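Okay, structure first, notes after.
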Amino acid sequence: MIDVVVLFFLLGVFARLVKSDLRLPEALYETLSIYLLLAIGLKGGIELSKQPMLALLPQMLACMALGFAIPLVLTPVLRLLGLSRVDAAAMAAHYGSVSVVTFAVASAYLAAQGVSAEPHAALWVAIMEAPGIVAGILLARLGARGADGQAQRVNWGELAHDVFFGKSVLLLAGGLVIGAVMGEAGTAPIAPVFMAPFKGVLALFLLELGLVAGGRLGELRRYGLRIVVFALVTPPVLALGGALTGLALGLSTGGMAILATLAASASYIAAPTAMRMAVPEANAALSITAALGITFPFNIVLGVPLYLQMARWLNPGA
Amino acid sequence: MIDVVVLFFLLGVFARLVKSDLRLPEALYETLSIYLLLAIGLKGGIELSKQPMLALLPQMLACMALGFAIPLVLTPVLRLLGLSRVDAAAMAAHYGSVSVVTFAVASAYLAAQGVSAEPHAALWVAIMEAPGIVAGILLARLGARGADGQAQRVNWGELAHDVFFGKSVLLLAGGLVIGAVMGEAGTAPIAPVFMAPFKGVLALFLLELGLVAGGRLGELRRYGLRIVVFALVTPPVLALGGALTGLALGLSTGGMAILATLAASASYIAAPTAMRMAVPEANAALSITAALGITFPFNIVLGVPLYLQMARWLNPGA
Amino acid sequence: MIDVVVLFFLLGVFARLVKSDLRLPEALYETLSIYLLLAIGLKGGIELSKQPMLALLPQMLACMALGFAIPLVLTPVLRLLGLSRVDAAAMAAHYGSVSVVTFAVASAYLAAQGVSAEPHAALWVAIMEAPGIVAGILLARLGARGADGQAQRVNWGELAHDVFFGKSVLLLAGGLVIGAVMGEAGTAPIAPVFMAPFKGVLALFLLELGLVAGGRLGELRRYGLRIVVFALVTPPVLALGGALTGLALGLSTGGMAILATLAASASYIAAPTAMRMAVPEANAALSITAALGITFPFNIVLGVPLYLQMARWLNPGA
Amino acid sequence: MDKHARTLLVIIAEAALEKRLVADSQRLGAQGYTVHDVRGGSRLSVRESLWEADRSIEMKVIASPEVADAIARHVMGSYAPHYGLTLYFADVDVIRPEKF
Amino acid sequence: MDKHARTLLVIIAEAALEKRLVADSQRLGAQGYTVHDVRGGSRLSVRESLWEADRSIEMKVIASPEVADAIARHVMGSYAPHYGLTLYFADVDVIRPEKF
Amino acid sequence: MDKHARTLLVIIAEAALEKRLVADSQRLGAQGYTVHDVRGGSRLSVRESLWEADRSIEMKVIASPEVADAIARHVMGSYAPHYGLTLYFADVDVIRPEKF
Ligand SMILES: Nc1ncnc2c1ncn2[C@@H]1O[C@H](COP(=O)(O)O)[C@@H](O)[C@H]1O
Ligand SMILES: Nc1ncnc2c1ncn2[C@@H]1O[C@H](COP(=O)(O)O)[C@@H](O)[C@H]1O
Ligand SMILES: Nc1ncnc2c1ncn2[C@@H]1O[C@H](COP(=O)(O)O)[C@@H](O)[C@H]1O
Ligand code: NA
Ligand code: NA
Ligand code: NA
């Protein structure tokens, strides 16, 4: 059965396709995304407070490697599809990074299915935001020498700053730390805001993302079938990589499904912002159309259930 | 006993009358209205999922006819009061359509009084948004021939689009469909956002509407006593029509009170927007002053209890 | 143990110090502050409904006198520190008035410590907003005669209006009245919005205030060590005054701690606005840097626990 | 840096007109537009942007004088009689003349 | 389409002044005004509009040169000494001269 | 009231550029700036400000013609090739010449 939050996404897409005047105020968009990042971080942090950090190190390194590897694989594929080097690398960076909302939908789906996952999964999200972006920028920049050398240089210091202290990593990590420091009891007074309403807020945010994604559908024609195919075929392939990584790490079935989802998901907050700064000559609309217009809906509607199946096949004993 | 949400409305009016600098950000106004429409739709949809749709057809047709009939009755009355044809028709359209917040206040009042109504009443709201508007536009346009023929033509296609895919109908209907598809169990995860907080959010929205309505009171002098009288006398008369329609349909006492309230209420979201587009030469401030400055406060403070009494008189057996 | 909401404040300060792009939309800031004022007022009002108003008169007068006295004491001190007369009086007005959020943090801290206070304490907050501001303006204006007499005149009518009908007093007082009129039962339907989520909303607001306060830290250099020392030493001294007033009034230990906190806290909503209107030649950035950049963090991190200790020492019997 | 003279047309109007003003100006030859929300007032009415029916926008179009005039003429004819609306022209210089 | 020369006066100031600026300009003869929120900075201070005391507005008044001058003179005299405030004039053309 | 001629440079651009545009214009001699959020479109794209990557800003700088030119030249060279961006110049008069 489809999750109720997904219907809100479809309502948003529908509203856009019929050219409704429905618009969520931008301040609401920002508020909801701040809320979701904090809440996810807090939830993960509370769980972190219950276990030894050191045991998580292998997972953390594997997440980092996974995120970094994805653009290395995807960029050549995208070049074969006819994209320029920078466009290919920039698009690949979006898939190397992760979508926090896709993660939230997957967590909700698992909960509804009664499948439990590693409760500190939010930590993986925070860790996987950056490496794919870094890899994408490296791929766009390395070996690049153009007429105007200036535009080709990357200010890595500024970029690292913008990613690590950027809104999404900062709020996720901030939530993680607060949750870990205060634990379940210490965060109880704020639970009525950050826990119970989570799924309802997610529904509202998906309504908004549906409006945005619906608006990108019109752009599809511009970029042709190859982009559509890429954005539909890539997620399950990446998910397989994520699930296998999870298997190697000895994760639970639920954890494998989450890691598969993270690998399959494409960033639409941190990555577009970073690419605009570091690789401005890349076609931003192209990446966002693929990530938010196709891959995101695919993942939340079909992908997440599929990745849970995948995890179950790979991990039949559990 | 007056309902607590009404006090928030009065606080808003008071703030405005004493020229306080209190302002709710426009983004909050939009957010609250999106929330209320979705929540009302969801609640109605959950109830719809529990019963056969076909049995509701007579009610739906009656609601449509009621909404359409109101402007046919009111426009001549308003012409007698000295309004021009377009002003009369535009004002009548506001009363033909409905106020979602008045509906919410009435529902809350019934609940507090322990009176139950048809749980799918939100469906009536969604259905009654449009017919009164259409009737009002027809009355403003039919037989109109002016110096510049162009301004007199109505683009019905565009207008139908704007009403049916306009924010309010789209969110109400979207909520209804999501609620009907997912049912009580499927929407349980989002209930902490859309159910329990409903009345508190309504209180905030009424604070905002109080500010707006308070601002219109200053305009009353401009339009004279006849408008005040009209905006106070019309609601009970329309309510009687609504209550009798409910009686004919065999509704419960609560249902009759709700239908009376819907008939008596005047739209201040869908109707003003549609009139601005279709009958721009009508005096928008006049309609809004009557609908929001007089009829709305009258209904939520005095009207709703009165309409429940009315329903009880008409339906003594229940 | 530090309260979880304080960590949100520190996260905000941190975000600002590392120059993160994290920003809360201004509409959210306004919404949260409207919410907090209403919720605090409601909570106090519900308690007021349980007791005879007349018995509170001595407390109310004492609060007024305390607020009025603080600027009389602080202005000469600030002049000794080298501030001009208007700058000294304006700064003193901020400390004479109160910070609603500091009050909320103190209430939450007491609750977490299992210390109960007079439940109508919100009434003290509403009363203490204005007197300190009035005293500050009098001190800035009395005896002032400048080249342009015009700028020196205060329009007391306008000012009284702006303070009493200003957002913060209006919402606090409005909440108090609604709470007092409706009582616990009457406000139950809106409790899911105004009661349980209170601390979570406070956490979000403190995140925002952390961003603002963090931004003021950069200004410290401009104003020198004497301002830092003043903003750190003043609160405990004022707290002692507040605690002793509480002792004289026969308040509970918790009530003494609250009154100490109110005395020690510096306004950053009502006072800056009023000073900008009535004493525009005062250096606004200076006052805000002290009040919000130093005193506020000091109070919520160290001050509040200290003031509770203070109250316990002074009131060992309780 | 070569500069090229163009006309800036600024239209302040009820928010309900936004969609139409954008469509009309594009149809009449404008190559772009910029919009933001405003509040304001005149002897006729005060529009505070407190809520939907009370919102106003300001639209800017940079175009050739002919296109700006055509848009202004159309707007004055179609909307000024029935909507709150103010417009004015200013001379501006642009760098990429083909864009405007 | 006849055009008539008017002066556009733009005032960028602390939000606390909005009510007064509107009242003053009406008193001095302006027939309308338009306001929106801005953020900004100068060598004197940065105003980011993060919170209340940090908000700035931009007000536009289209008026005759005399009225614009009178408003500017009053604003410079009454507020510029103590408030963050910037103003400038531009020449614009309007269509309905009686409105401005 | 003495008035002094200055140039108003208006830059409409993707919001991602805000921080850089402010820093660059200050480096090139501007003494202040004012920014607000806008939405808009051109033949190249529509930017509705629905969400982050879709936001646009309008920045105003009042400066001497030389400084305005220097900023415009830098912006055209550094950002115009890869970012959605429009700029124009207008002549304005200010009262306190030392501020601009
Ligand atoms: N003289 C003026 N100066 C600046 N803005 C104006 C002026 N007159 C009107 N406006 C703006 O244009 C809108 C519509 O004007 P009106 O149709 O005259 O009510 C007003 O709400 C103001 O925002
Ligand atoms: N040269 C300038 N160009 C554009 N805007 C300016 C300029 N100088 C000041 N401003 C704006 O005017 C406001 C007040 O200026 P000031 O009083 O100089 O701090 C600033 O916050 C800016 O928004
Ligand atoms: N002719 C124009 N008139 C007004 N604004 C424009 C015009 N052309 C472009 N813009 C604005 O500048 C932004 C960037 O322009 P562009 O790079 O052409 O997409 C657009 O999103 C519009 O907001
Ligand atoms: Na990914
Ligand atoms: Na009605
Ligand atoms: Na104080």
Expressed in µm² per second, the diffusion coefficient of chain D from the Stokes-Einstein equation, with Rh the Kirkwood radius over alpha carbon pairs, at 4 °C and 1.567 mPa s, is 92 µm²/s
Summing +1 per Lys or Arg and -1 per Asp or Glu among the other residues with Cβ less than 15 Å from C:K167's Cβ gives -2
Excluding ligands and nucleic acids, what accessible area in Å² is computed for D:E66 using a 1.4 Å probe, to the nearest 10?
130 Å²
Going toward the positive end of the dipole of the protein assembly as shown, with +1 on Lys and Arg Cβ and -1 on Asp and Glu Cβ, which of A:F9, D:A90, B:G157 do you reach last?
D:A90
Contact order normalised by residue count of chain B, Cα under 8 Å, 6+ apart, percent
32 percent
Rounded if a/c is under 1.5, else prolate if a/b is larger than b/c, else oblate: which is the protein assembly as shown, with a ≥ b ≥ c the root eigenvalues of its Cα gyration tensor?
rounded
Enter the angle in degrees (range 0 to 90, nearest 10) between the Cα long axis of helix F:65-78 and the first principal axis of the Cα atoms of chain F, meaning the one along which they spread out most.
20 degrees
Residues in region D:66-89 reached by a label modelled at D:A23 [backbone nitrogen below 16 Å; 7 Å Cα→Cβ]:
D:75, D:78-79
Just grab the label-to-label distance for B:A55 and D:K3, each label 7 Å out from Cα along the Cβ direction, in nm (one decimal).
7.6 nm
Which residue fluctuates most in the GNM of chain A (Cα springs below 10 Å): A:G82, A:G45, A:G136?
A:G82
D:K3, E:K99, ranked by accessible area, largest first (probe 1.4 Å)
D:K3, E:K99
Any residue on another chain or 5+ positions along whose placed amide H is under 5 Å from the amide H of C:L24 is listed here as none
Taking Cα atoms only, helix E:18-27 is inclined relative to the longest principal axis of chain E by an angle, in degrees rounded to 10, of 30 degrees
Put a point 7 Å out from Cα along the line to Cβ at E:A5; what are the distances to that point in the other copies, in nm, shortest first?
1.4, 1.4
So the carbon and sulfur contribution to the accessible area of the protein assembly as shown, 1.4 Å probe, in percent, is 63 percent
Where A:M310, A:M195 fall by accessible area, highest first, once all protein chains stay in place (1.4 Å)
A:M195, A:M310
Can you list the HN-Hα couplings for region B:223-233, worked out from phi with the Karplus curve (6.51, -1.76, 1.60; θ = phi - 60°), rounded to whole Hz and with x for Gly and Pro?
9, x, 5, 4, 5, 4, 4, 4, 6, 9, 7
If you place +1 on the Cβ of every Lys and Arg and -1 on the Cβ of every Asp and Glu, how big does the dipole about the Cα centre of region B:1-45 come out, in debye to the nearest 20?
80 debye
Distance between region B:175-230 and region E:1-49 - C-alpha centres, whole angstrom
34 Å
Rounded to the nearest 20 debye, what is the charge dipole size of the protein assembly as shown about its Cα centre when +1 sits on each Lys and Arg Cβ and -1 on each Asp and Glu Cβ?
280 debye
Taking placed amide H atoms and a strict 5 Å upper bound, the residues 5 or more places from B:V98 or on another chain that come that close are B:S267
Taking the label point 7 Å from Cα along the Cα-Cβ vector, the copy-to-copy distances for B:V228, listed from shortest in nm with one decimal, are 6.3, 6.3
Longest segment of chain A with no trypsin sites (Lys or Arg not before Pro) in a DSSP loop having at most 15 other Cβ atoms within 10 Å?
A:154-318
Rounded to the nearest Å, what's the spacing between the alpha carbon centres of region B:233-274 and region C:101-144? Just the number, please.
48 Å
Cα-centred dipole magnitude for chain A, charges only on beta-carbon of K, R (+1) and D, E (-1), debye, nearest 20
620 debye
Here the relative contact order (percent) of chain E, from C-alpha pairs under 8 Å and at least 6 apart, is 48 percent
Region B:8-28 and region F:62-100 have their Cα centres apart by a whole-number Å value of 41 Å
Copy-to-copy spacing for B:V301, label 7 Å out on the Cα-to-C-beta vector, in nm, shortest first?
5.0, 5.0
Is region C:18-100 rounded, prolate or oblate when judged by the Cα gyration tensor, a ≥ b ≥ c being the square roots of its eigenvalues, rounded requiring a/c under 1.5 and prolate requiring a/b larger than b/c?
oblate
How far, in whole Å, is the nearest Cβ of chain B from the axis relating it by rotation to chain C, and which residue carries it?
B:A27, 2
Distant-in-sequence amide H partners of D:V38 (H built 1.01 Å from N, under 5 Å):
D:S56, D:I57, D:E58
222 nm [θ] for chain A, helices only, -39500 (n - 2.57) per DSSP H run of 4+, per residue, to 500?
-22500 deg cm²/dmol
Quick note, chain C: a/c under 1.5 would make it rounded; otherwise a/b > b/c is prolate and the rest oblate (a ≥ b ≥ c, C-alpha gyration tensor); here it is rounded
May I ask you to evaluate 6.51 cos²θ - 1.76 cosθ + 1.60, the Karplus curve with θ = phi - 60°, for each residue of region C:19-34 and list the ³J(HN,Hα) values in order in whole Hz, giving x for glycine and proline?
6, 5, 7, 4, 9, 8, x, 4, 4, 5, 3, 5, 4, 5, 6, 4
Out of C:L66, E:V61, B:S107, whose Cα points farthest toward the positive end of the dipole of the protein assembly as shown (charges: +1 Lys, Arg; -1 Asp, Glu; placed on Cβ)?
E:V61
Return the single residue from F:L50, F:L17, F:L87 with maximal mean-square fluctuation; model: Gaussian network over chain F, springs between Cα atoms under 10 Å.
F:L50
Using θ = phi - 60° and the Karplus form 6.51 cos²θ - 1.76 cosθ + 1.60, what ³J(HN,Hα) does each residue of region E:36-49 get, whole Hz, x for Gly and Pro?
8, 7, 9, 10, x, x, 8, 4, 7, 6, 10, 10, 9, 6
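The values are calculated or read from the model by the stated rules, or taken from the named source; none is laboratory data. Remember, predicted model here, so these are calculated numbers, not experimental data. Note: ideal-geometry Cβ built from the backbone for every residue, glycine included; neighbour counts use all protein chains shown. The protein model used for the area step is the full one, side chains on, heavy atoms only, and it has no ligands, DNA or RNA in it. Shrake-Rupley method; radii C 1.70, N 1.55, O 1.52, S 1.80 Å.
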